[in-house]
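Here's the structure, in structure tokens; my notes come after.
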Amino acid sequence: MKKELILVLDFNPTLAQIAARQIRAAKVYCEVLPGSTSMQSILNAAPKGIVIAGGEGEAPPLSADLFELGLPVLGVHEGASIASSDGLLVTATEDNRTDHYSMKFTPALLQTDKGKEALESFLYRTCKCLGGWTTDTYIEAEIAKLRAEIDGRVLLALSGGVDSSVTAMLLHKAVGDKLVCVFVDHGLLRKGEAEQVVSLFKKKMGMTLVHVDASERFLNKLAGVRNPERKRRIIGEEFIRVFEDEAKKLGKIEYLAQGTIYPDLLESGVGAKFVKSHHNVGGMPKDIGFKGIVEPLKLLFKDEVRVVGEALGLSHEMVWRQPFPGPGIGVRCVGVITRDKLRALRDADAIFREEILKAELSSSIWQYFAANLGVKSVGMKDGARNFGYTIALRAVHTTDAMNASVAELDYALLTRCAERIINEVEGIGRVVYDVTPKPPGTIEYE
Ligand code: XMP
């Protein structure tokens, strides 16, 4: 059966992503292309309909040819310019065609049943889509595609994060032992994390996994470095060097796999505007003789990736874990990184995570962690002078990590954490709770 496709033309990246997400939630497959895509490319993609995700109130600069393709067109925009009195679907009147629609399509409206009904009406009645697109159909099709395309060994840098973990599961299912995962432990992971990754993927799932304990190498490079940007750069570059060294040891490998997901591509400029250069897209070495790059999740949104992960056998806790930055606790260890600061930070973080879990808050808080502020202060412990580090606890709510508010944690929970951290972790003098939202703060410390 030919794949059914709706094209979303991107004149506003936020709206385009929301529209695409909603179309897929309605079980119709769609892809986002830049607003500047040529008519020929649109025709080649053979869509059943086009959604124009337009500007804020202004009409996007559309080519008149778009309306001559004989395809149904739905305009979605945040302005109310062509909306009917109830703010929903209306027939455009300028050219008297019944298959061109405009819809006031704010994110809030989409949450309503009326908004979803209007979109489904366009997809199923106007475009005559058959539907049926789900993550299960995606998994089947993607596994078949990977099996057909991959004729050699595939190398994957497995971090244990959601995207690389799901990529590993999908590839393992598709190509089995041809997949080689390299897990680089940069010495900046949370307590117990390296053991968890090895135990899950190597022991339980039976994957070929090379565990590189490169912590000495990273910590030596970072010794004495205080500048936050330099620290980040060293971690990023060293990661690539270690990965390259391991790839060379493994002999001929034909493909490099990456856990790139759809928002990474859209935000890196595949859509309308360049937002930021994403580490997955630009960061990994491509010049070490690979025949191709394999990115099996590159057309999936984050929540779809999680559903795929669960369907492939990853636990609910694993796929819904809080985000963890690539440079690890290196961005939570303020100033010069030392083994002693990292140890205190790791132990304090483990206690905070344990308490959040016990309080059943782990799924309602976006990110919660401890940071070592690197400042020592005087206090008392067991009747003697204590001169220890200051640990900041941070817990934030956000939907997109661009703005974040501070989680209003229960005072009893905070004091319990402070008491446990001071008593159970050597070398900590004070515990503070960070009440800075983003902006002006950032979520991480460096
Ligand atoms: P900030 O600190 O910028 O963090 O408010 C926003 C979100 O991004 C995560 N973060 C990173 N993730 N590599 C990553 O993969 C990084 O270098 C990085 N820096 C920040 C951070 O944990 C938060 O979720």
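The values are calculated or read from the model by the stated rules, or taken from the named source; none is laboratory data. Please read these numbers as outputs of a predicted model, since none were measured by experiment. For neighbour counting, all protein chains shown are included, and Cβ atoms are generated from backbone atoms with ideal geometry for every residue, glycine included. Just so you know, the surface numbers come from the protein's heavy atoms only, side chains and all, with ligands and any DNA or RNA stripped out. Shrake-Rupley method; radii C 1.70, N 1.55, O 1.52, S 1.80 Å.
Quick notes on this structure:
- For the residue pairs K204/K248; K178/K221; K3/K128; K191/K231, the C-alpha atoms sit more than 25 angstrom apart in K204/K248; K178/K221.
- Which of K116, K358 is most accessible, then next, and so on - probe 1.4 Å: K358, K116
- Rolling a 1.4 Å probe over the protein heavy atoms gives the chain an accessible area of 47 Å² per residue.
- Two-site FRET efficiency, S363 against V225, from Cβ-Cβ distance with R₀ of 41 Å, rounded to 0.05: 0.70
- Förster radius 35 Å - calculated FRET efficiency between R147 and Q40, Cβ distance, rounded to 0.05: 0.65
- Given the chain, longest segment not containing exposed loop chymotrypsin sites (Phe, Trp or Tyr not before Pro) (DSSP; at most 15 other Cβ within 10 Å): 1-273
- For segment 313-397, the list of GluC sites (Glu not before Pro) that fall in a loop by DSSP and count at most 16 other C-beta atoms within 10 angstrom reads E360.
- Accessible-area composition of segment 304-415, carbon plus sulfur, in percent [1.4 Å probe]: 57 percent
- Residues R226, R332, R147 ordered from highest to lowest accessible area at a 1.4 Å probe: R226, R147, R332.
- A DSSP coil position with no more than 13 other Cβ atoms inside 10 Å describes none of the GluC sites (Glu not before Pro) in segment 179-219.
- Dipole in debye (nearest 20) - the chain, about Cα centre, beta carbon charges: Lys, Arg +1; Asp, Glu -1: 1300 debye
- Measuring with a 1.4 angstrom probe and ignoring ligands and nucleic acids, T399 comes out at about 130 Å² accessible.
- Rg/Rh (Cα only; Kirkwood hydrodynamic radius) as it applies to segment 399-446: 1.06
- Once the chain from T415 to K376 is taken as fully extended at 0.36 nm per residue, the excess over their C-alpha distance is 12.1 nm.
- Residue order for H211, H77 - accessible surface, 1.4 angstrom probe, largest first: H211, H77
- Modelled label positions at V198 and V432, each set 7 Å beyond Cα in the direction of Cβ, lie 3.7 nm from each other.
- Think of it as helices only: each DSSP H run of n ≥ 4 in the chain is worth -39500 (n - 2.57), and spread over all residues that comes to -10000 deg cm²/dmol at 222 nm.
- Between segment 215-245 and segment 407-446, the alpha-carbon center distance in angstrom: 27 Å
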